[in-house]
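For reference, the structure discussed in these notes is given below.
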């Protein structure tokens, strides 16, 4: 729990020896680093992890509470605190939709005063690369305090400073209406995108303060998974992002943003529907929306949500934060020009289709293709050939592969092609490492790479009882690749990881052993687009 206390209380509680051990000395390498750190808002006291070699600072506010009159507006700086902030526990999660995955991920309780960040850094002095983590959750749920995101291992073994953040979600983070746009005319002229603006505010806080925690503000890598990966691509294109980071890692994310108007995808249309559902239409729309509880707003949002809790909220092309879709800006060579890693997992969609009956025969798979193509028999037959469905065993494999290609694999390939075509250094991967008996159930599902990166395999309940030396070895190699990329812009991986180019589509297959392959889904993604599917369209 975050508390404030005066300097005298810190000394009395922590003990003179602790402060002498961790609070004295110069700024050079070697020797213990302080647990009491001065930030732009005031002093912050962290804790040592059990191993004693990593300092941890949890729940540090990077912006004021976006509640009351501040709801739906861009973030502002947090209040100063002359007394010491005891940063020994995570702050609240940002309010979002409910999802069955909460039973596995177990995020902390939510509150609007949620704009906080967490830092893991070495207990010894030095200047280290910074890795800035953005959690996933479809822009409508998730939090930084989920146990698989514990960055102690990554900070220690990768010799980096890791920052993770909360940002506003769902309608509280991305509601866009004409009334809100008019209110923001004098501020930034934007509409929606509050969650993206939160990320930019957190990155500015890092620029101002991370050196005091042993991090290098001139060497910041942003990385994220799912919506967090999409946020990385969005930040590459966001107004005001230049200079805030120096590399990006997009894990299973896209590069899309919605228009203000446009049927079910238009953010004004989504916003108008929500405002009407809550009975807030009219000249008092804003005061009405700000007078509601977060529970009232989120219950209305859930009426548009899928079974997994996903609802139509996310970045919008508002002419201010985004002048075009991030994918279009990336392909045009605009935005922040930094090296990127991008990739996806072999069986992403198993998690999303877990409750769905998979086809078990070629005829059943053809029926799925018919449904997906609007009963176009020629298209269904072409898909049967494309995914090589001839036996009963082929049907469930093709079912997952088709869904994964449309939603993830082709996105990764398109991002790699767009970024490389614009002259950026790009490294493409596909995560294929399967744990034990998960091959038949989940394979390499959505988000399964995360515990390898953070070194938290023992926190992931699906893996906990199946771990072998292969998993530990893969985790060590992936951590080394991600942290070496953060350090110098080139990922180091045993056996090599070649750069992806528009001429040579080489990519890393992450497995044990790993390998390098080429032609990552090229023909399949092109064929899907030719058949009318928006597979990898930026």
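Quick notes on this structure:
- Extension gain (nm, one decimal) between residue 69 and residue 467, 0.36 nm per residue minus Cα-Cα: 138.3 nm
- Between 0 and 90°, nearest 10: helix 362-372 axis offset from the chain longest Cα axis: 70 degrees
- Compared with the dominant Cα axis of the chain, that is its longest principal axis, helix 267-277 is turned about 80°.
- For the pair residue 265 and residue 51, a Förster radius of 41 Å applied to the C-beta separation gives a FRET efficiency near 0.30, rounded to the nearest 0.05.
- Each of residue 529 and residue 488 was given a label point 7 Å from its Cα along the Cα-to-Cβ line. The distance between the two points is 3.5 nm.
- The angle between the Cα long axis of helix 194-209 and the main principal axis of the chain comes to about 40°, on a 0 to 90 degree scale.
- Burial order of peptide ranges 411-422, 497-508 (average beta-carbon count within 10 Å, highest first): 411-422, 497-508
- Distance between the C-alpha centres of region 129-160 and region 517-532: 32 Å, rounded to the whole angstrom.
- Note on volume of the Cα convex hull per residue in Å³: of the candidates [x] 194; [y] 147; [z] 164, the value calculated from this structure sits at [y].
- Gyration tensor verdict on region 3-302 (Cα atoms; rounded if a/c is under 1.5, prolate if a/b is larger than b/c, oblate otherwise): prolate
- Rounded, prolate or oblate (a/c below 1.5 giving rounded, otherwise prolate when a/b exceeds b/c) for region 156-261 by Cα gyration tensor: prolate
- Protection-proxy order for peptides 445-453, 319-327, 459-467, 219-227, each taking the mean of Cβ atoms within 10 Å per residue, highest first: 219-227, 445-453, 319-327, 459-467
- Ranked by the mean number of other Cβ atoms within 10 Å per residue, highest first, peptides 475-484, 196-205, 385-394 order as 196-205, 475-484, 385-394.
- The chain, helix-only ellipticity at 222 nm - DSSP H runs n ≥ 4, -39,500 (n - 2.57), divided by all residues, nearest 500: -9500 deg cm²/dmol
- R0 of 51 Å, Cβ-Cβ distance residue 393-residue 182: FRET efficiency to nearest 0.05: 0.30
Laboratory data are not the source of any read-out in this text; all were calculated from the coordinates shown. Just so we're clear, the structure is a prediction, and the values are computed from it rather than from any experiment. We place every Cβ from the backbone using ideal geometry, glycine too, and count neighbours over all the protein chains shown.
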